[in-house]
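Down below is the structure, laid out as structure tokens.
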Amino acid sequence: TSEALGTALLALCTPPVFILLWVGNIEGLALFGMLIMPVGVVWLSLKPHLGVWAILSRRSWVVWSAVFIALALLIWPGWPFKLVNSLNDRLHHPSAFGWVSLGWPMIVVGIVLLVMTPADALPLMAAGSFLSPFLMPQHFVLFLPALGRVRGVRRLLLWAASWLVAVPILFGGWIKVLALGFPLLVWWMLRNPTDIQPPATQATP
């Protein structure tokens, strides 16, 4: 439909997409995985910074993820240690804005949001943004499906808020916290399941 096409165009014209195309990372595969969960856990786990919170929205997703992690450990036993060892440089990247670079108060905000969050992947990831030690602007491409879950002025406001993701690239210091305005608005708009459109994909609890 014309509305769906317009929403898709809005999603494509956002900083997370532009940044992702520039840096060439694999967050696009993580988004694909989220859209075809639970089998998509193979792709979603490639970038677990936010995806891990989405998994908590369904019991079946948790089970699939546990099985996949068990198989991964069986085939590549040392991968968790390699992952941890690679984090140091990333945590202090100039464009990073997780709680490691912005401070522990983010954790408090994240916990408060999490206890009020429904079992829905997008608001869970939004709350998890404040609990993640390391975030980069391109990680927020996972929030773009939220544009299809709201309508009218809400959709335009959410699209406008997505441009806050560019702040950590342009500025340093505490002002990078403005980028979290995008997931905060996603959480606010999707926190009440009765006020929004149903998810594009449904999963068995």
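When the chain is treated as a Gaussian network with alpha carbon springs shorter than 10 Å, the biggest mean-square fluctuation among A179, A72, A127 belongs to A72. Taking all protein chains into account, the per residue accessible area for region 35-190 stands at 50 Å² (1.4 Å probe). Kirkwood hydrodynamic radius computed over region 8-56 comes to 11.2 Å, based on all pairs of distinct alpha carbons. Each residue, S60 and V39, gets one label point 7 Å from its Cα in the Cβ direction; the gap between the two is 1.2 nm. Using the Cβ of S57 as centre and a radius below 15 Å, the other residues enclosed give a net charge of +3, where K and R count +1 and D and E count -1.
Only helices enter the 222 nm calculation for the chain: every DSSP H run of n ≥ 4 contributes -39,500 (n - 2.57), and dividing by all residues gives -16000 deg cm²/dmol, rounded to 500.
Each other residue within a Cβ distance under 13 Å of V41 adds +1 if Lys or Arg and -1 if Asp or Glu, for a net charge of +2.
If only the Cβ of Lys and Arg carry +1 and only the Cβ of Asp and Glu carry -1, the dipole of the chain around its Cα centre is close to 120 debye.
The values are calculated or read from the model by the stated rules, or taken from the named source; none is laboratory data. This is a predicted model, so every value here is computed, not measured. A quick note on method: Cβ atoms are made from the backbone with ideal geometry, for glycine too, and the neighbour counts reach across all protein chains shown. The area values use the complete protein model at the heavy-atom level, side chains included, leaving out ligands, DNA and RNA. Shrake-Rupley method; radii C 1.70, N 1.55, O 1.52, S 1.80 Å.
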